[in-house]
Amino acid sequence: MKWFIIVFVSVIGYMIATGNMGGAKDATQNYANVMYGDHKSSSSNAKPAPMHEYIKNKEKGSIK
């Protein structure tokens, strides 16, 4: 059991040190883009992010 833990921690340490985290970095950026809108879009007709629209409607009182 001790060797399993040592190997497991070593593998995780190696993955963090080399930057290979299996897409975790991209996943957090994708989540931020969904929640707050993708600011890379240059289109002026782009829809606001769903969360922004929900908050705006809630402040207006349309959503209870």
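The values are calculated or read from the model by the stated rules, or taken from the named source; none is laboratory data. Just so it is clear, the structure is predicted and the values come from calculations on it, not from any experiment. Cβ atoms come from the backbone with ideal geometry, glycine included; neighbour counts cover every protein chain shown.
Step by step: first the residues of the range 3-35, then only those that are at pLDDT 75 or above, touching a helix residue (DSSP H, G or I) at 6+ places or on another chain (Cβ under 9 Å) and over 20 Å from Met51 (Cβ atoms), then the one that is surrounded by the fewest Cβ atoms within 10 Å (Cβ to Cβ). Which residue is that?
Filtering the range 3-35 for residues that are at pLDDT 75 or above, touching a helix residue (DSSP H, G or I) at 6+ places or on another chain (Cβ under 9 Å) and over 20 Å from Met51 (Cβ atoms), the one surrounded by the fewest Cβ atoms within 10 Å (Cβ to Cβ) comes out as Gly19.
Contact list please: Cβ distance under 6 Å, first residue in the range 1-21 and at positive phi, second residue surrounded by 10 or more Cβ atoms within 10 Å (Cβ to Cβ) and part of a helix (DSSP H, G or I), pairs at least six apart or on different chains.
none
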